[in-house]
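The values are calculated or read from the model by the stated rules, or taken from the named source; none is laboratory data. Small disclaimer: the values here were computed from a predicted structure and weren't measured. All Cβ positions, even for glycine, are placed from backbone atoms using ideal geometry, and neighbour counts span all protein chains on display. Side chains are part of the model used for accessible areas, which takes the heavy atoms of the whole protein and leaves out ligands, DNA and RNA. Shrake-Rupley method; radii C 1.70, N 1.55, O 1.52, S 1.80 Å.
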Amino acid sequence: MIKKLRRKFVLINMLLVTVVLCIVLGMLIFSRMRAFRRESEGAMRAMLQLRQMNAQGMPPRNDQDPENAPQFPKLDLEPGGRNKPFNATPVFLTILDENQEIADIVSPGSSEVTENLASEAVKAALFTNAEQGYLSNLKLRFLMQQTPDGLKIAFADTVQETRSLHELILACILVLLLALLCFLVISIFLARWALRPVENAWEQQNQFIADASHELKTPLTVILANLRILLSHPQSTISMESKWLENTQSEAQRMKELVEKLLFLARSDANSTPFVSTHFSLSDLAWSCLLTFEPVAFEHGITISEEITDHIFVTGDSGQLKQLLAILLDNACKYADNEKKVTVTLKMDADRVLLKVCNTGAPIPPEALPHLFERFYRTDKSRARLAGGYGLGLSIAHTIVKNHRGKIAVASDEVSGTSFTVTLPASRENYP
């Protein structure tokens, strides 16, 4: 699925880039075509302005007949005084008599026009019955004007224009191919980078489903086995088979706890976890949790010491924070080896509330610390299973802290043991 999504991402990106580049390059080519056409039409109109010709077939000087002289751009060497550059489009002018025969051919500049070409151009232009147009077979544009001197037809050569357009189109195609190649490499990189969180989430979801199925399979297997034993002794009384019934009840209770934890995590992922925000004393909440765990600690020979500052208030879900304290205390009591000592600290640290739960015991391997808050992760699976854990407690604790805009961290070494530190935003009630 991820590979298919990555390919679709690259395909959509390349299609969008191709469309945009084609539009931009197409507009560039279209604008150059219009510019070439305007240039050739301007040159032909300038030729049509010629009314009188001298003996050599050249336009008269401005001082001889300023009225009939063509208006060419002037050159001024002063800054900002120069007009547009001279038109470089090859043009020539034909003047027809009353019989529509060529009376004269004007070809300014160094270009020479043969009579054969001029005759063919005039015939083709007259055949179109249009004042202006394009002769594709001769690659000429024409523009007609009826004057008292006769019919004038100006022609503009488009060979250079066509060659320039072909070169421009070829350059645009090469630019398009190179740009698409570059964008393809970039799109592949971006697809991998952008979809990496999706891929990680997909892998975590698959792992979560596999682990949840495995954890649910164990109590269901035990319950089914106990039921088969009970069904195999139909004559026995409840008191005679109480061991199997108690075992079934225990496994069902474990499965219920697991389902509740899974439901909490699923709701948190969907942002649909019920969150009842209230203002309350975290100090009182910590004391109530400690009182609940004292019998458990006494039964296992664990000493719980506390350093709880009074009158520390927070704003949040008291039920979730109570669950957070219960998870941390339960985890500390389960793995409090050696001196069997657990320490709970609650105090103000600048503008934050600091909650710290420490226990003595074997340190957690450094390579396992970054994975402690992952779902179903356990450093010692066999030991955790004997202690009754599923590897979801710390993941739920991390989710609760995140819901309260706080942070949770873990540190472990042989000297200080293992400590979980939670920082939460403080309430205004904590300040005088």
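Of the options [x] 52, 23, 19; [y] 37, 25, 22; [z] 96, 29, 17, only one is semi-axes √(5λ) of the Cα gyration tensor in Å as computed from these coordinates, and that is [z]. Please report the spacing between the Cα centers of segment 246-274 and segment 1-53 in Å, no decimals. Between the Cα centres of segment 246-274 and segment 1-53 lies a distance of 63 Å.
Near the amide H of Val342, within less than 5 Å, lie the amide hydrogens of Thr303, Ile304, Ser305, all on another chain or at least 5 residues away, with H placed in the peptide plane. At a probe radius of 1.4 angstrom, the accessible area of the chain per residue rounds to 63 square angstrom.
Applying 1/(1 + (r/R0)^6) with r as the Cβ-Cβ distance of Asn271 and Leu369 and R0 = 25 angstrom yields a FRET efficiency of 0.35. Here the Karplus curve 6.51 cos²θ - 1.76 cosθ + 1.60, taken at θ = phi - 60°, turns the phi angles of segment 350-357 into couplings of 6, 9, 10, 9, 10, 10, 9, 10 Hz, with x standing for Gly and Pro.
Inter-label distance, Phe189 to Thr315: 4.5 nm, where each label sits 7 Å from its Cα along the C-beta direction. Taken one residue at a time, the phi angles of segment 275-286 give Karplus couplings (6.51, -1.76, 1.60, θ = phi - 60°) of 10, 9, 8, 9, 9, 8, 8, 6, 5, 5, 5, 5 Hz. Gly and Pro are set to x. Using 0.36 nm per residue and subtracting the Cα-Cα separation, the extra length available between Thr237 and Lys3 on full extension is 78.3 nm. GNM remark for the chain: springs join alpha carbons under 10 Å apart, and the peak mean-square fluctuation among Cys182, Cys358, Cys333 falls on Cys182. Within the shell defined by Cβ-Cβ distances under 14 Å, the residues around Gln323 carry a net charge of 0, with Lys and Arg each +1 and Asp and Glu each -1.
Suppose a student asked you for the relative contact order of segment 88-131, using Cα pairs under 8 Å spaced at least 6 residues apart; what percent would you report? Computed over segment 88-131, the figure is 29 percent. Remark: relative contact order (the chain) = 10 percent; criterion is Cα-Cα distance under 8 angstrom and separation of 6 or more residues. Centre-to-centre separation between the Cα atoms of segment 132-178 and those of segment 346-380: 80 Å. Gain on full extension, evaluated as 0.36 nm per residue between Val24 and Leu291 minus their Cα-Cα distance, stands at 88.8 nm. Surface composition of segment 194-312: carbon and sulfur make up 59 percent of the accessible area, probe 1.4 Å.
Between Lys340 and Gln249, the distance separating the two model label sites (each 7 Å from Cα on the Cα→Cβ line) works out to 2.8 nm.
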